[in-house]
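Since the structure comes first, as structure tokens, the remarks are kept for the end.
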Amino acid sequence: MLLSCLDWHPQPRLELLHLDWLARAGVEVAVLRLDQIDPLISGNKWFKLVHHVRAAHEAGAKGIMSLGGVYSNHLHALATAGKRFGFPTVGLLRGNPQETPTVLDLKAFDMDLHWLGYGGYRGRHAADFWQPWQAQYPQLHPVPEGGSGLSGAQGCMDWVAGAREQLAALGWVDYHGWWLACGTGTSLAGLVLAEAGEHPVYGVLAVPADHGVAQQVESIVGQAGLCNPRYELFDGSRGGFARVDAELVAFIHATGAIELEPLYTGKALMLLKARVEAGQFARGTRLIFVHTGGLQGRRGFE
């Protein structure tokens, strides 16, 4: 049931990251371990879903339908939650039928799958996109790709208070900003809203600039009515979403202190290393790196 999963409130742990390039630069980084909140419902995806689930419950829906690709962390988290908490889920997938480890999991978690092709998936932003699916599944609530939008961002706002409660255990009095990967910008927007200008939020684009992340963040911040938000976006896409090159793979393998994947966290930490080594953060800087999860998606790149 939708209501039962709203009682689940995972608390991500904050822990120091020990890497030689940080030590040489005198920069401290603490990792918010969203990847460790649950063996299956991992990363930022549950937090982006929770307010959508609440809206579905309040609307009287019995389950959730959403969309994503064949390695979608979002659909994986949704399908797992549906299986665990007992509500039906439907996934609309980009491309043509294929079996990836993620797709096999979605089937095992009883998610009803539909393949949209590539042209059909490009139509997901059209105003009437959901009409035929709502006619077919009238008891299911539609959730946008990745759990994006203001509702998704609101689910990420609690990270700030949760991290601040753990600062003393690290020996920190304060911090100087947040660093995280961005696929839609929703998680970043949640941090920006929660910080309300107190600390900057730095987002590493895992997708090219023309994918609309900046516009999405502006839209969410504008809907929330926040004036003068403090954030900055950097291109870490390395040529495109899901582009994985030898240098990135080598960096991930060499970073033994923390488990990374190549689409989001690997790119984000790699760009942080480049900026730290370029002297763009002063000695004594303290940053919170958000591990957004997505480790199940690595199976497509191993």
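The values are calculated or read from the model by the stated rules, or taken from the named source; none is laboratory data. Everything numeric here is computed off the predicted structure, so don't read it as measured data. Methodologically, a virtual Cβ is constructed for each residue, glycine included, from the backbone with ideal geometry; neighbour enumeration extends over all protein chains shown.
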Hits in segment 146-189 - residues which are in a helix (DSSP H, G or I), farther than 19 Å from residue 54 by Cβ and either within 13 Å of the chain's Cα centre (by Cα) or aromatic (Phe, Trp, Tyr) (or both): 188
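Kindly state which helices (runs of 4 or more DSSP H) lie completely within segment 24-119 and contain at least 1 residues that are touching a Cys at 6+ places or on another chain (Cβ under 9 Å) and of a type in the set (Lys, Arg). Steps first, answer last, please.
Working: elements: 45-58, 73-85, 101-108.
The helices (runs of 4 or more DSSP H) meeting that bar are 45-58, 73-85.
Name the residues in segment 1-23 that are part of a helix (DSSP H, G or I) and at pLDDT 95 or above, would you? Even if it seems obvious, please write down each step before you answer.
Step one: of segment 1-23, the residues part of a helix (DSSP H, G or I) are 2-5, 20-23.
Within segment 1-23, 20, 21, 22, 23 meet the criteria.
Kindly indicate which of 98, 166 is touching a residue at least 24 places away in the same chain (Cβ under 8 Å), surrounded by fewer than 20 Cβ atoms within 10 Å (Cβ to Cβ), under 25 Å from residue 263 (Cβ atoms) and not small (Gly, Ala, Ser).
Working: 166 fails: under 25 Å from residue 263 (Cβ atoms).
Exactly one residue qualifies, and that residue is 98.
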Check on residue 129, aromatic (Phe, Trp, Tyr), touching a Leu at 6+ places or on another chain (Cβ under 6 Å) and not in a helix (DSSP H, G or I): no
Residues satisfying the stated conditions in segment 200-222, i.e. surrounded by 21 or more Cβ atoms within 10 Å (Cβ to Cβ), closer than 15 Å to residue 288 by Cα and out of contact with any Leu (no Cβ under 6 Å at 6 or more places or on another chain): 202
Number of positions in segment 203-220 that are without any contact (Cβ under 8 Å) to a residue 40 or more places away in the chain and either of a type in the set (A, V, I, L, M) or closer than 14 Å to residue 268 by Cα (or both): 8
From the options 103, 90, 143, residue that is among the aliphatic types (A, V, I, L, M), in contact (Cβ under 8 Å) with a residue 60 or more places away in the chain and buried (at least 21 other Cβ atoms within 10 Å of the Cβ): 143
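Condition test on residue 34, is it in the same structural domain as residue 288 (by TED's automatic domain parsing) and in contact (Cβ under 8 Å) with a residue 40 or more places away in the chain? Steps first, answer last, please.
On the way: in the same structural domain as residue 288 (by TED's automatic domain parsing): yes; in contact (Cβ under 8 Å) with a residue 40 or more places away in the chain: yes.
In short, yes.
Is it fair to say residue 196 is over 22 Å from residue 45 (Cα atoms), modelled with pLDDT under 95 and in contact with a Leu (Cβ under 9 Å, 6 or more places away or on another chain)? I'd like the intermediate steps shown before the answer.
On the way: over 22 Å from residue 45 (Cα atoms): yes; modelled with pLDDT under 95: no; in contact with a Leu (Cβ under 9 Å, 6 or more places away or on another chain): yes.
Criteria not met by residue 196.
Can you find, within segment 237-295, the residue that is surrounded by the most Cβ atoms within 10 Å (Cβ to Cβ) among those that are polar (S, T, N, Q), assigned to a loop (DSSP other than H, G, I, E, B) and in contact (Cβ under 8 Å) with a residue 24 or more places away in the chain? First the steps, then the outcome.
Within segment 237-295, the subset polar (S, T, N, Q) is 237, 255, 265, 280, 285, 292.
Add one more test, that the residue is assigned to a loop (DSSP other than H, G, I, E, B), and what stays is 237, 255, 280, 285, 292.
Adding the requirement that they be in contact (Cβ under 8 Å) with a residue 24 or more places away in the chain leaves 237, 255, 285, 292.
Numbers: 237: 22, 255: 18, 285: 17, 292: 28.
Among those that are polar (S, T, N, Q), assigned to a loop (DSSP other than H, G, I, E, B) and in contact (Cβ under 8 Å) with a residue 24 or more places away in the chain, it is 292.
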